[in-house]
1. Just for the range 663-738, what percent of DSSP beta bridges are antiparallel, to the closest 5?
2. Could you go through the range 111-122 in sequence order and give the Karplus-derived ³J(HN,Hα) for each residue, using 6.51 cos²θ - 1.76 cosθ + 1.60 with θ = phi - 60°, rounded to whole Hz, and x for Gly and Pro?
3. Provide the percentage of antiparallel DSSP beta bridges, counting only those with both residues in the chain; round to the nearest 5.
4. Multiply the residue separation of Arg139 and Asn603 by 0.36 nm, subtract the distance between their alpha-carbon atoms, and state the gained length in nm to one decimal.
5. What aspartates and glutamates could a cross-link reach from Lys316, if we take a straight Cα to Cα line under 19 Å and drop same-chain neighbours fewer than 8 places away?
6. Got a sec to turn the phi values of the range 454-460 into Karplus ³J(HN,Hα) couplings, 6.51 cos²θ - 1.76 cosθ + 1.60 with θ = phi - 60°, whole Hz, x for Gly and Pro?
7. Cut-off under 17 Å on the C-alpha distance; same-chain residues fewer than 8 positions from Lys663 excluded. Which lysines are left, in chain and number order?
8. How do the peptides 100-112, 530-542, 188-200 rank, highest first, by the average count of neighbouring beta carbon atoms within 10 Å per residue?
Amino acid sequence: MADIIKSTSQAILFEQFNDKAPSLNTMLDTTEEEKVETADFALEVKEQLQVTSFKEFLNKFAPTIYEMCINGKFVYTTDEVNARKYGGVPKNVIDNTYYQMLANMYKQKGQSGQSNYEFDDKDLLNMLSPEREVKEAARLRKNLQYVTEKFHEARDNGENPREYWDKIYSYRKEITEKYSQSVIALLPLAIDDVTKKLDVLQAGTSTDGHLQEEAVPQLTSGHWTFDTQGGMQFLPASSSDTTEVLPLASSQHNVGEDIYQMIEADYREYHPGQDENPFIKDLVLAAYSPTAVNNPLQHLKADEVQQAIGVLETQKKQYEDVYSDAKNEFIKELSKIIEKLMGVMVFFDHATATGSETDTLESGLIITNCKPADFVDGRLNAKFKKYINYIGRDLGNDKCWFGILPSVKDKAESAPVTKEDDFDFSQSINIQPDEQKKTKSGDALTLDVAAVLLKDLNEAHIMTTFNLNQGPENTFSQITASYIQDTARMFESRGINYPHAVYAYPNFTLMRERYISITGDTEGSKLTVPAIYIDAAYPAAGMLVASQQLQCLKKRGLGNFIITDRDNMNFIRLDLEDKVVQDHLKTKFNRENVTAWSQSVFNAITDSMFGFSFCGDETAEKTQNTYVLTARTLAKMENQKYKPVYRVLMEDFIYALAVPIFKKKREDIDAKLIREIVENWKDAAKRYAENPQINLVLKKGENVGWSEPNSNQLKITFNGDSEVLDNIDIISDDSADQTK
């Protein structure tokens, strides 16, 4: 007999990623209520919203971010409507250097075995410096200059210049495509050009601002051209040359002016709607044709030099401010998106055997792709509950076992006020009834909303991981005993004590806040790179899903601890707190702290075994990665400790066998579940009593059976405790006969 229930790892994620992609709220809203609890609707949801790998998730749900320049200020949004209104340029998040840097940081930190303070992230942060953008734009303009000069040379010599004209066209096209993708990428090059011009002028002045006598010949005359890397270079005229030098050393042709005309023509052709934006147009021309203007330094007096320096310093400051403001705005907007994308990446990294981008999770992850608060809305709540009850309670083999509810706030965010002038007594406060505020679908995921969802998911038998406050106060380095105790009391006071609610903590710090210089000097403008946190709900759910899969457990070195020669030895009893499991099934995150937690923090967790907690403290053996310290739900047992995750999974497993599979019929339950499956579990417990295996469903002395000889209630008897399954309305033989 093969396994009756073949998969115990299906999961659903309640998070919004991309407005343009399908979403569960839309599917529910456009389906009749009685049809949302049908096999056809469940299958349609899977076809539209389920993904089996991180790569598939990115292809389906990765959002697009748009870059807009409004009144000389760069703004970023994921709102396509506003982006079209202001000529927004789409940018692929996954191809962005910031995302790639953070993905590399996650992998390298996890493999380093170092704490956050020991890990050297300088090389990774250098990926955010503008150096690469400068080199790429400089390469293009240098090559365009070269082929333009060769074009003139060929034509002057009576040769066919077609080869060079084709290359000119190719480079013009590449340049147009580059700044069409992001104009902001040109600013570092413009800053570099201005800096070099300043260096030349300042080289001819003393510390008090007067001209140095020996520098006068250099300032007599000269012109700007490119060096071999495409950077700006000043070539002084020889002392015997009294003629004015052309912008480029190219016989009688003004190549710089040719390039200027080409770049301007291309800009007008391909960006007609932006021609009224002088800042962008001037920036494009300044970056790709900076030698069009001769800029001779001819017979300059001291006050003229100082005036020129002042103009360039003002321009440099403007460029730096625009660039830093734009990059900071971009990173700020992108950070919100990346934290969510990285969370999904972390889930798949832990939930699959190898953790690669293409590694497949056969049971799949359903992406709701909408605000979780939408499901609390009165218009959708009834449909939502019917759908999750169907996939969570009414199915046996295709049951959804786990849910992820990230980014829960324990209180609503207050209105932003940045300065005193922002207080406006003329504005209404938009008062709404409390219940309406709680259920408004546009609200953030507050604890009020999460509490309703956790209740609904508990009734649907979907074990859901969630977390609070994705910020520094709930991280390994800053968490305190009082924070843990206050959180536990808050859940109790709000009645969030559900056996299917799993509070995961602390959050993981992927990167601390950093500042990166734009120009390389310490005095210039800087980019602010905010701290990035990974919501603990993602790795917690990933490890729960991994704990239910044979290949994942084998990959982690647990193959010798698994019974594989018996049927129905599912992993629902696997205890993540077990020492053998704890030593092998670790997270992919580094140990964040240099030192251990204080005893008060450790006791606040272990006295009541609160939540699904991660820990990086070293045990008897040195460990490189964090591990699971406690794996508990928010339901308490009689001894006032929190109930282990595996006990609830066992109850759900027995329910799935008794109700959807054996249809609540006492005769079938007695014959197939109790006399066959349970007897097999008990026999395995005896056989492996001296060598416990991690997938023993029952241990020696434990049992699943009727609570009383003539009772219609099932009872799971654990060593030292028991659980009566009073949520199964079993049909007795007598009552079954009466319905025939």
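Please treat every number below as a calculation from the coordinates, not as lab data. Bear in mind that the values here come from a model prediction, so they are computed numbers and not experimental data. Because the Cβ atoms are built from the backbone with ideal geometry, glycine has one as well, and the counts that use them run over all protein chains shown.
1. On the way: 9 of 10 bridges.
Taking every DSSP beta bridge within the range 663-738, about 90 percent pair in antiparallel fashion.
2. With coefficients 6.51, -1.76 and 1.60, one gets 8, 7, x, 9, 6, 4, 7, 8, 5, 8, 9, 4 Hz.
3. Counting only bridges with both partners in the chain, antiparallel ones make up about 70 percent.
4. 161.0 nm
5. Lys316 reaches Glu131, Glu133, Asp192, Asp193, Asp199, Asp282, Glu304, Asp325, Asp521, Glu523.
6. Working through the residues one at a time gives 5, 5, 4, 5, 5, 5, 8 Hz.
7. Counting by Cα, and skipping residues close in sequence, Lys663 has these lysines nearby: Lys399, Lys672, Lys740.
8. Working: 100-112: 17.8, 530-542: 26.1, 188-200: 21.2.
The densest-packed peptide leads the list: 530-542, 188-200, 100-112.
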